[in-house]
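Data first, discussion second: the structure below is written as structure tokens.
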Amino acid sequence: MDELVELTRDLVSIPSHEDETAAGDFIEEWLRSETDADVTRDDIGNVIARKPATDGDSDTSLALVGHHDVVPPDDSQADGEEYVVEERDGRLYGRGAADMKGAVAASMLAFRDADPSCDLVFASFVAEELGGDGARHAIEGGFSPDCAIVAEGSTNYSGPDVTDVVVAHRGRRASTVTAHGTAAHASEPEAGVNAIYRASDAVDVVRDCDVPTVSVLGNDLSGSVVATEIHGGSAWNVIPDTCEITIDERTVPGERADLDAVEDIEGVEWTVEQDLPPMECDDPDFADAVLAAARDAQDGDPEQVTKPHATDAGWLAQAGVTCVVCGASEPGEAHTKDESVGIGVLERCYRIYRTTAERL
């Protein structure tokens, strides 16, 4: 589909790592010119469009969901006022091609072309890379479709050259363990309380935490918890009075590691800095419907799988929206200096989104 390639090229070329306005303008203007949908732009830049079921009589709504912000580009990916976009060997290269403007373009075309059996919604959010601020703003403003396909990466999860359907993904809880002690001269360590020692005791608790595993539609999903940074002390000859440990925890639906146990240690406190929710699909029929569309859209044999990364699907699921994740990005493509997406995979995603909308 030449139109899909050109639309992806145009969207990827627009810088959106510091300010998503221009990319949002492009999406909004395209939807207004190419569709008869009700198109809105909220006060932080989310673009949302709606059109009714073809027969005008549906009690179900499906949203095709993406985001048009990206992480900062590598120097090689930017050229003045535009991002560099290159096509070679059946792939498009450029910042955001995989994560996730290519899938946004596929969603835009599927939204336009579908004769939907349900009320169909298109949404492209801002600030996904900052923790889902755009999705949360939309939800707070009443965004509540019955079902959603979040077009983040699900390609090559079960095997090569196959776009799968993600029925659950992990969340991320970032937290800080702060150990407090009493400063003293290092020549008289007994005169103080060493915060690093207390922090070390807390690390032992973190290391011994049980990591939960849950099953979603027959697929196991395990969490993880690990200490990733440590900061403490002021000089080689001073007993430290504070020490901080950064904890990265990958959460699973309904279960958390028992990290608050670190506060059983004297002088230790635990503070959650960020909590991105996990996602699980709560409707096997919807998951099966998207999987059937995925099977019809490709020669491979897609499966229902899990994903290790948090997405806006977590916020939507937390708000009561039935979600799956299905998109073009492959493991290892997002956020890299040679980020790329397969053109054939974008076409596959277009077919999945359109077919689901017409059959649901």
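The numbers here are math on the coordinates, done by the rules we state, and not lab data. From a predicted model like this one, the values you see are computed outputs, not experimental measurements. So basically every Cβ, Gly included, is an ideal-geometry build from the backbone, and we count neighbours across all protein chains shown.
Sequentially through region 45-55, phi angles give Karplus couplings (6.51, -1.76, 1.60; θ = phi - 60°) of x, 5, 10, 10, 10, 9, 9, x, 4, 4, 8 Hz, Gly and Pro residues having no value and appearing as x.
Compared with the dominant principal axis of the Cα atoms in the chain, helix 195-207 is inclined by about 50°.
Site pair His335 and Val238 shows an inter-label distance of 3.4 nm when each label is modelled 7 Å from Cα along Cα→Cβ.
For region 171-276, taking Cα atoms only, Rg and Dmax work out to 16.3, 60 Å respectively. For a straight C-alpha distance cut-off of 17 angstrom, no lysines are reachable from Lys307 once same-chain residues fewer than eight places away are disregarded.
Peptide packing: for 329-339, 160-170, 208-218, 145-155, the average count of neighbouring Cβ atoms within 10 Å per residue gives the ranking 145-155, 160-170, 329-339, 208-218, highest mean first. Take the Cβ-Cβ distance between Thr54 and Asp25 as r, set R0 to 30 Å, and report the resulting FRET efficiency rounded to the nearest 0.05. Here the calculated transfer efficiency is 0.55. Taking amide H positions as modeled 1.01 Å from N, with prolines and chain starts lacking one, no residue 5 or more places away or on another chain lies under 5 Å from Val321. Among Val324, Val272, Val39, the largest mean-square fluctuation in a Gaussian network model of the chain, built with springs joining Cα atoms closer than 10 Å, belongs to Val272. Reported value for region 1-131: 112 Å³ per residue, from the convex hull of its C-alpha atoms. For region 259-360, the alpha-carbon radius of gyration amounts to 1.45 times the rule-of-thumb value 2.2 N^0.38 Å expected for a compact globular protein. Name the residues of region 109-132 whose amide N is less than 12 Å from a point 7 angstrom out from the Cα of Asp296 along the C-beta direction? Inside the label zone: 115, 117.
Would you mind putting 24-36, 293-305 in packing order, based on average other-beta-carbon counts within 10 Å, highest first? Mind showing how you got there, number by number?
Working: 24-36: 16.8, 293-305: 18.4.
Packing order, densest peptide first, comes out as 293-305, 24-36.
Grab the DSSP H runs of the chain that are 4 residues or longer, score each as -39,500 (n - 2.57), total them, divide by all residues and round the 222 nm result to the nearest 500 deg cm²/dmol.
On the way: 8 runs with 95 residues, N = 360.
Calculated from helices alone, the mean residue ellipticity at 222 nm is -8000 deg cm²/dmol.
Taking amide H as placed 1.01 Å from N in the peptide plane, Glu128 has its amide H under 5 Å from the amide H of Asp69, Gly134, each at least 5 places away in sequence or on another chain. For region 354-360, 3J(HN,Hα) computed residue by residue from phi via the Karplus equation (6.51, -1.76, 1.60; θ = phi - 60°) reads 5, 4, 4, 4, 8, 10, 4 Hz, glycine and proline entered as x.
For region 7-58, the direction-averaged projected area of the alpha-carbon convex hull comes to 4.5 nm².
Between 0 and 90 degrees, the angle of helix 2-12 with respect to the longest Cα principal axis of the chain falls at about 30 degrees.
Between the C-alpha center of region 284-300 and that of region 1-18 there is a gap of 27 Å. Remark: region 114-119, residue by residue, has Karplus-estimated 3J(HN,Hα) of 5, 9, x, 7, 9, 5 Hz, where x stands for each Gly or Pro and the curve is 6.51 cos²θ - 1.76 cosθ + 1.60 at θ = phi - 60°. Taking all C-alpha pairs of the chain, those more than 31 Å from each other amount to 40 percent.
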